[in-house]
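The values are calculated or read from the model by the stated rules, or taken from the named source; none is laboratory data. These figures come from a predicted structure and were not determined experimentally. Cβ sites come from the backbone with ideal geometry, for glycine too, and all protein chains shown count toward neighbours. When the accessible area is computed, the model is the full protein with side chains, heavy atoms only, and any ligands, DNA or RNA have been set aside. Shrake-Rupley method; radii C 1.70, N 1.55, O 1.52, S 1.80 Å.
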Amino acid sequence: MEPIPFAPETTSRRAFLGRAAALAACALLPARGTAADAPRKTGRKPNSIFNGVRIGCITYSYRSQLATAEEILAALIEDGLSEVELMGAPIQAYAGFTVSGGGKAKGKKAAPAPAPVKYTDAQREAQLAKCRELRKMYNDAGVNIHLHKIAFGPSDEEIEFNFLVAKALGCVGITTERSEPLAKRLAPFADKHRIWVGFHNHTTNFPAMDKPDPLLDCGKYIGFNFDFGHYFAGTKGLSPIPVLERYHERIVSLHMKDRTADGGNLPWGQGQTPLKEILQLIRKEKWTFPADIELEYKIPEGSNSVAEVAKCVQYCRQALA
């Protein structure tokens, strides 16, 4: 499966569940290492493109119970998802590389900043081969890796390699946290490789609406990984729809969640974020960027992340019927 092209129109987040919960969740999933075989056994591959809208998932959603690329693929298949933004840890573990820590140590007692990671050319090629292998495993199972979220190391070599990883995985872009200095640093690499960088917002650093957003002046492959739930909470209830209408040509992907104006994070359909209206607007306008589920509400007792993501998928399916 080739990546679908589009014109882009640390934990608390929540503590990891204990070992018992993770083991209990395994009953819902195919055995490790058999995820790619599941479509062949059932005769079906996942399809989460609903009336032209690409519904996916950022794999941060499974953080409470899954870790490996194989386990995550099994969960995606279980949830019927054919699109994914893959977090860095499972990619790095599968391909066998790490990323240098950025920044400098602060304070007299601070540990020294880690030394830059250095690999030989042969090691880098082997790592990229593993990334291509990972892409094939996902594609053969019916899942497109449209984005990855591996941190950018401080050296030019590590930044260059991150873009090569995106190409090896079949990604159209890389996501990272919003930073104008980082956007300026990455723009020449993004232009060179024609790979988008989607900058993710939280509740205080969302796209500007009172003027053109300066981030976009950094380069033509600089865009937004627009988290409209965070926008809704951070603006105390402003609709994200005008942001989508203004910046749709530079949106690389969406993160979806159902939040309240006072900052709550609720099961989908119980919050105040105009989720259904946004999904239907994407369908109406035929925008082609992926809309990725990001599970952040409290998982109900007796449930787990795989089951809750499935509920979000069903919400999208019904909204787009």
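Among the numbered conditions (1) among the aliphatic types (A, V, I, L, M); (2) surrounded by fewer than 23 Cβ atoms within 10 Å (Cβ to Cβ); (3) closer than 27 Å to Pro240 by Cβ, the only one that Ala141 does not meet is (3).
Any idea which of Ala321, Ala261, Ala307 is farther than 18 Å from Ile241 by Cβ, in a loop (DSSP other than H, G, I, E, B) and either open to solvent by less than 10 Å² (accessible area, probe 1.4 Å) or among the aliphatic types (A, V, I, L, M) (or both)?
Residue meeting the stated conditions: Ala321.
With respect to the conditions (1) more than 22 Å from the chain's Cα centre (by Cα); (2) over 25 Å from Pro46 (Cβ atoms); (3) assigned to a loop (DSSP other than H, G, I, E, B), Pro300 lacks only one, and its number is (2).
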